[in-house]
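This report concerns only the one structure given below.
Here, each number is a calculation from the coordinates, and none is a lab measurement. Worth saying up front: this structure is predicted, and the values here are computed from it rather than measured. Here the Cβ is made from the backbone with ideal geometry for all residues, glycine too, and neighbour counts use every protein chain on show.
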Amino acid sequence: MSTHTITFLPEGVTVAAAAGDTLLSAATAAGIGLRAACGGKGVCGKCVVRVASSGSAGYEEVLGCQTPITGDAVVTIPEESRLADGHALAEDLTGGVALEAPLAEGVSVELPTEGEWYRETAAERLLAALALQRERFSEVTLELTALRALAALALQRERFSEVTLELTALRALAPLAREGGRLRVALADFDGAGRVIGVAPETATGTYGVAVDLGTTTVVVGLMDLVAGKVLASHAELNAQGRYGADVISRIVYTQEREEAREELRAAALDTIENCLFELLAPLGLSREDVIAAALVGNTTMIHLLLGIDPAGIRRDPYVPAVRSLPTLAAEDVGLAIHPRAPVFVAPGVSSYVGGDITAGVLAAGAAATAELTLFVDLGTNGEMVVAKGDWLVCCSCSAGPAFEGSGLDHGTYARPGAIDAFRYDAEADTMTFHTIGGATPVGICGSGYIDALAELLRAGAIDRRGRINPEFPSPRVRAHEERYEFVLVWGREIGRDDITLGEDDIQNLIRAKAAVYSGVTTLLDSLDLQPSQLERVLLAGGFGHSLHPDNAVAIGLLPDLPRERLHFLGNTAFAGACRALLRRDARLDLQWLARRMTNFELSTVPGYMDRYVSSLFLPHTDLSLFPSVT
């Protein structure tokens, strides 16, 4: 088979690609992420590239996923076709969680070398010294036989029934034991069993862990100080699996089409996490082995794909995943590029479509820690919701699609610096004001920005309740575009780039997403013989941050029309739950408890769900009596 040279601009990266391969696969090999929400099936139209044959002055716009390589070519990737670069996050969502029995910790011990200890092995001396240190004895002057008994007693009184030495730690211990003195021991919690995974001189500084929120669209990784119990830095990137499809179903289907597909998806997720780790560790001069623990949350499909487990059962009747709960794993078995024997805690899930990201979110939001009737909604690529009152919890999931994470929309992006997260429109003056995350130059619109835009244009009469743009609206912002209309939200001349617009296709995507969420909420409540008016708290989580305006969320029919003081917007609670699991053993136990306590409803089996969905395909709803404050 012949090969050809493909050069990608503006990077100037050149790769060799086999004849017949697509430009999308060549871009992937070059390390360039193209938007391919449909998984390369040619229907989303997001992977447009500009191709010029070598030596040609002109170019042709084609879909990267549908264009086979037939010769050498120079390919320019437009900005709008690219998967966005990662970005640093400043928000610490741990909520000031106190440190208590973290997943791993650095323990300083004195390794005795004199007297009766002389003939004991290095391993025995270390374990005895570790047990004594953890009991915080200021001084011990006992005979060796008594000391052995006391060490065993100390371990029993600790949270670990036993502590064992990993082979890698033993290898590191042997030369250090001859010198004696103080050592720094990395002690990990593997589901109640203590393991020494590393030994280093006392001069070694810092004990670090990572919290990972493996989202379908976005991956967030936070570096945590396991001594101070705080987030040092966090970083987010689009999940590189996006090139195989925007949603979990398309990715599951992809794994069934090619023998090597499951490993491709696994590698894509691991690469994304590794990129985030590099951005976090490099500025601090830390190595990957300095990270001695990881807590990971994600939906059921993401966890299966990360671990290389066949996800086929998730989309086939009776829709049962291969696994819901996992033991604590070692990093090298998962494939995480941190300390190879670091414990990796994976938050347990409930069902095929309610995963560990939801149990983590419920924990972080405190949704089950009150007697108030609470609705918790996590709005990501899917919409999951939990109704809770104390230890009574019922959950379900709906397929909202990735619109509220900015995917599949012409100017959509996830919540990153430069993403427009708020709009306000003065129709009389025809002026649109906006706010971007970090105050950066606009790069697109994230979920909260789209919700604001819909609500503002609905109030102004620029769009009707069906989401159609009014062609008679008195503003040059309304214009025809490809047999439909669009509304210019931000003029390009104001920001030095192309106009940022909202088209009718985008509006319909957003309406379908909000309809799925609202109909899911009302169907779940009705199944429990509850009315929205009975809800005492509504907690909305997701990548919105804290910028979502409650009036606008109600105005478009995303949330029930309740007194606004009952509506709370929490940001990324899945990531916050991962942080808590990393810092506290009781949080890890609580996650197991929550997963067991939740009763799952399958909306597709509930009579009337589709009728409710269709009724929600208006702004805010076909039944305006449900939204008295809006009308």
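As a check on your grasp of the helix formula, calculate [θ] at 222 nm for the chain: sum -39500 (n - 2.57) over DSSP H runs of n ≥ 4, divide by the residue count, round to the nearest 500.
Details: 16 runs with 179 residues, N = 631.
The helix contribution divided over the chain gives -8500 deg cm²/dmol.
Calculate how large, on average over all directions, the projected area of the Cα convex hull of the chain is; give the answer in nm² to one decimal. Don't skip to the answer; put the middle values down first.
Working: hull surface 128.5 nm².
Reported value for the Cα convex hull: 32.1 nm².
Calculate the spin-label point distance for residue 50 paired with residue 604, positioning each point 7 Å from the Cα along the beta-carbon direction, and give it in nanometres.
4.3
Angle, helix 122-134 long axis vs. longest principal axis of the chain, Cα atoms, 0 to 90°, nearest 10?
70
Collect residues whose amide H, placed 1.01 Å from N in the peptide plane, falls under 5 Å from the amide H of residue 296; neighbours closer than 5 in sequence don't count.
Counting only residues 5 or more places away or on other chains, the set is 212, 345, 346, 347.
Could you tell me how far the Cα centroid of the range 577-630 sits from the Cα centroid of the range 295-315, in Å?
Comparing the Cα centres of the range 295-315 and the range 577-630, I get a distance of 20 Å.
Residues with amide H under 5 Å of residue 226's amide H, sequence separation 5 or more or different chain, H placed in the peptide plane at 1.01 Å from N; which?
Correct list: 207, 208, 209.
By how many nm would the segment from residue 258 to residue 369 grow when fully extended, if each residue of separation counts as 0.36 nm and the alpha-carbon distance is taken off?
On the way: separation 111, 0.36 × 111 = 39.96 nm, distance 4.51 nm.
Roughly 35.5 nm would be gained on extension.
With an 8 Å Cα cut-off and a minimum separation of 6 or more residues, compute the relative contact order for the chain in percent. Mind showing how you got there, number by number?
Details: 1404 pairs, mean separation 78.1, N = 631.
So the answer I get is 12 percent.
Would you work out the relative contact order for the range 461-617, in percent, from Cα pairs under 8 angstrom that are 6 or more residues apart? Walk me through the numbers before you get to the answer.
Numbers: 158 pairs, mean separation 33.4, N = 157.
Value for the range 461-617: 21 percent.
How large is ³J(HN,Hα), in whole Hz, for each residue of the range 427-444 in order, when computed from phi with the Karplus curve 6.51 cos²θ - 1.76 cosθ + 1.60 and θ = phi - 60°, using x for Gly and Pro?
Result, ordered by residue: 5, 5, 8, 6, 10, 10, 9, 8, 10, 10, 5, x, x, 7, 4, x, 10, x Hz.
Cβ under 11 Å from residue 393's Cβ, residue 393 left aside: what net charge do those residues give with Lys, Arg +1 and Asp, Glu -1?
Working: positive: 389, 596, 597; negative: 391.
Around residue 393, the charge tally is +2.
Return the FRET efficiency for the residue pair residue 230, residue 162: r is the Cβ-Cβ distance, R0 is 22 Å, and the value is rounded to the nearest 0.05. Can you show the working numbers first?
Working: r = 31 Å, r/R0 = 1.39.
Plugging the Cβ-Cβ distance into 1/(1 + (r/R0)^6) gives 0.10.
Summing Lys, Arg as +1 and Asp, Glu as -1, what charge do residues with Cβ under 15 Å from the Cβ of residue 4 carry, residue 4 excluded?
On the way: positive: none; negative: 21, 72.
Here the charged neighbours net out to -2.
What does the extension gain come out to for residue 267 and residue 202, with contour length at 0.36 nm per residue minus their alpha carbon separation? Walk me through the intermediate numbers first.
Working: separation 65, 0.36 × 65 = 23.40 nm, distance 3.62 nm.
Stretched fully, the residue 267-residue 202 segment lengthens by 19.8 nm.
Whole-Hz Karplus ³J(HN,Hα) for the range 283-298, in order, using 6.51 cos²θ - 1.76 cosθ + 1.60 and θ = phi - 60°, x for Gly and Pro?
Along the range 283-298, the couplings run x, 9, x, 9, 9, 5, 6, 6, 8, 10, 6, 9, 10, 10, 10, x Hz.
Straight-line reach only, C-alpha to C-alpha below 28 angstrom: list the lysines that residue 46 could link to, leaving out same-chain residues fewer than 8 apart.
514
What is the Cα centroid distance between the range 455-472 and the range 370-417, reported in whole angstrom?
Centre-to-centre distance over Cα atoms comes out at 26 Å.
Cα to Cα, under 13 Å, and not fewer than 8 places away if on the same chain: which aspartates and glutamates meet these conditions relative to residue 389?
372, 536
What nm value, rounded to one decimal, do you get for the distance between residue 629 and residue 435 when each label is placed 7 Å out toward the C-beta?
With each label point 7 Å from Cα toward Cβ, the separation is 1.8 nm.
For the chain, give the share of DSSP beta bridges that are antiparallel, in percent and rounded to the nearest 5; count only bridges with both residues there.
Numbers: 80 of 113 bridges.
So the antiparallel bridges amount to about 70 percent of the total.
How much FRET efficiency would the formula 1/(1 + (r/R0)^6) give for residue 191 and residue 526, where r is the Cβ-Cβ distance and R0 is 35 Å, rounded to 0.05?
Details: r = 39 Å, r/R0 = 1.13.
The value I calculate is 0.35.
Per 10 Å bin, what percent of the C-alpha pairs of the range 208-346 does each bin hold, from zero upward?
12, 43, 32, 11, 2
Counting Lys and Arg as +1 and Asp and Glu as -1, what is the net charge of the other residues whose Cβ lies under 13 Å from the Cβ of residue 447?
Working: positive: 416, 514; negative: 378, 405, 421, 452, 506.
Once all neighbours under 13 Å are counted, the net charge is -3.
Within 10 Å, count the other beta carbons around each residue, average over each peptide in 460-469, 272-281, and list them highest first. It would help to have the intermediate numbers written out before the result.
Details: 460-469: 17.1, 272-281: 20.6.
Ranking, from highest mean packing down: 272-281, 460-469.
Rounded to the nearest 0.05, what FRET efficiency is calculated for residue 121 and residue 332 with R0 set to 22 Å and r the Cβ-Cβ distance?
Working: r = 26 Å, r/R0 = 1.18.
Given R0 = 22 Å and the Cβ-Cβ separation, E is 0.25.
Compute the length gained on full extension between residue 472 and residue 389: take 0.36 nm times their separation in residues and subtract their Cα-Cα distance, giving the result in nm to one decimal. List each step's numbers first, then the result.
Details: separation 83, 0.36 × 83 = 29.88 nm, distance 4.91 nm.
Length gained between residue 472 and residue 389: 25.0 nm.
Quick check: pseudo-label points 7 Å beyond the Cα along Cα→Cβ at residue 484 and residue 596, how many nm apart are they?
For the pair residue 484/residue 596, the computed spacing is 4.9 nm.
Please list the non-local residues whose amide H lies under 5 Å from the amide H of residue 198, H modeled 1.01 Å from N, same-chain partners needing a gap of 5 or more.
186
Sort 598, 302 so that the residue with the fewest other Cβ atoms within 10 Å of its own Cβ comes first and the one with the most comes last.
Numbers: 598 23, 302 27.
Final ranking by Cβ density, sparse to dense: 598, 302.
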